[in-house]
Amino acid sequence: MILVATLWTGALQAQCGGGEVALLRENRRLKAQVDSLQRLLDATGMIDELWGTLSGLDESGGEWGSGVSSMADETLSEQDALLAGRLSGIFPQMAISYNEAVGKRLSAYLSGRNPVLLSGAFRRLRGRKAEFEKIFLRYGVPQELIPLCVVESAVSVNAVSPVGAAGMWQLMPQTAEGYGLRVDGQQDERFSVEKSTAAAARVLCDLKKSLGTWPLAVMAYNCGAGRVRKAVIACGTTDPWTVWTKVPAETQAYLPSLLAVGYLLEYGHEYGIK
């Protein structure tokens with residue numbers, strides 16, 4: 001996932017008091033790492049939407065727009081059967097059961113301004129969907145994994161993370177080069193939609209071959225096959241939600257996020273997501 005540093009100036013100085021120097025120093029450090037931040041902002045033209053989507057969406061809460069009802073207003077138990085049935089239809093090849101973590105992620109996505117933020121990401125995804133489907137089909141990757149690019153980058157072509165992952169699918173340089181992409185001072189093909197999507201599909205396909213199931217492949221796309229394999233050994237099973245308890249915290253958020261995003265792509269209109 002992407003971390004975007006907001007470059008606060010006078011407002012920050014007015015609010016931070018004695019800690020302003022340290023905060024400004026940290027912002028400068030992050031700005032230096034995210035060297036294409038301005039390109040990313042220019043490409044999207046929506047700073048608020050970019051920040052909210054790429055940071056896991058706005059979790060500050062807020063009022064719902066007219067006519068939008070919150071899933072959080074209903075108890076989780078009343079939603080379980082509906083969500084489980086719908087998820088099994090959206091993710092048939094994932095063959096993964098419903099977990100309360102998915103419900104919690106959905107509730108977070110359906111709070112505050114998040115429906116508006118997701119609408120923008122979904123709009124960009126739908127503009128690319130036919131191309132993604134063709135590439136995923138070529139490599140035998142389920143279409144249901146396409147929403148990973150929402151989780152990874154909010155479907156922002158020029159996205160760059162502080163750790164060096166880049167492009168819509170957030171490929172690390174070594175991974176990209178291992179799958180035939182050029183990454184050097186002259187050209188970075190991680191920013192090519194077609195080439196990066198093909199590389200991401202191949203990575204997912206190879207992870208599935210290595211680990212045996214698509215849920216484990218998805219987790220490994222985030223934290224690496226080695227960590228997932230260790231989790232499988234520690235748990236003594238490949239059951240995804242059991243293995244999920246032993247992977248890093250970021251990955252524990254990553255899998256439910258994919259399921260929640262996939263759900264809202266199909267049913268978001270019921271909650272005000274266009």
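The values are calculated or read from the model by the stated rules, or taken from the named source; none is laboratory data. Treat the numbers as computed from the prediction; the structure is a model and nothing was measured. All Cβ positions, glycine included, derive from the backbone under ideal geometry; neighbour counts span all protein chains shown. SASA here: full protein model, heavy atoms, side chains in, ligands and nucleic acids out. Shrake-Rupley method; radii C 1.70, N 1.55, O 1.52, S 1.80 Å.
For ALA249, are the conditions met, namely being among the small types (Gly, Ala, Ser), under 24 Å from PHE136 (Cβ atoms) and under 18 Å from the mean Cα position of the chain (by Cα)? Against the criterion (among the small types (Gly, Ala, Ser), under 24 Å from PHE136 (Cβ atoms) and under 18 Å from the mean Cα position of the chain (by Cα)), ALA249 does not qualify. Listed by position, the helices (runs of 4 or more DSSP H) contained in the stretch 171-274 that have at least 1 residues being in contact (Cβ under 8 Å) with a residue 40 or more places away in the chain are 193-211, 214-223, 240-243, 249-267.
When residues in the stretch 77-118 are screened for being open to solvent by less than 60 Å² (accessible area, probe 1.4 Å) and either more than 21 Å from LYS208 (Cα to Cα) or among the basic types (Lys, Arg) (or both), 22 of them pass. Residue-level check: of (1) of a type outside the set (Asp, Glu); (2) modelled with pLDDT under 90; (3) under 28 Å from TRP214 (Cβ atoms); (4) in a helix (DSSP H, G or I), ARG39 misses just (3). For LYS209, the test of being farther than 30 Å from GLU270 by Cα, open to solvent by 60 Å² or more (accessible area, probe 1.4 Å) and basic (Lys, Arg) is passed.
For every residue, the table says whether it meets (1) of a type outside the set (S, T, N, Q); (2) over 17 Å from the mean Cα position of the chain (by Cα); (3) in a helix (DSSP H, G or I).
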residue	(1), (2), (3)
ALA95	yes, yes, no
ALA101	yes, no, yes
LYS104	yes, no, yes
SER107	no, no, yes
LEU117	yes, no, yes
ARG123	yes, no, yes
ALA130	yes, yes, yes
GLU133	yes, yes, yes
PHE136	yes, yes, yes
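Residue by residue, here is whether (1) among the small types (Gly, Ala, Ser); (2) in contact with a Ser or Thr (Cβ under 7 Å, 6 or more places away or on another chain); (3) open to solvent by 30 Å² or more (accessible area, probe 1.4 Å) holds:
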residue: VAL150; (1), (2), (3): no, no, no
residue: ALA154; (1), (2), (3): yes, yes, no
residue: ASN158; (1), (2), (3): no, yes, yes
residue: SER161; (1), (2), (3): yes, no, no
residue: ALA165; (1), (2), (3): yes, no, no
residue: PRO173; (1), (2), (3): no, no, yes
residue: GLU177; (1), (2), (3): no, no, yes
residue: THR197; (1), (2), (3): no, no, no
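Scanning the stretch 253-272 turns up no residue that is buried (at least 16 other Cβ atoms within 10 Å of the Cβ), among the polar types (S, T, N, Q) and more than 15 Å from SER107 (Cα to Cα).
Among residues of the stretch 138-158 that are farther than 20 Å from PHE191 by Cα, those with a beta-carbon under 6 Å from a residue that is modelled with pLDDT of 95 or more and outside any helix (DSSP H, G or I) at least six positions away or on a different chain give the pairs PRO142/GLN93; GLU144/PHE91.
Taking first residues from the stretch 80-103 that are farther than 16 Å from GLU270 by Cα and partners that are among the β-branched types (Val, Ile, Thr) and in a helix (DSSP H, G or I), the Cβ contacts under 8 Å between residues at least 6 apart in sequence or on separate chains come to MET94/VAL218.
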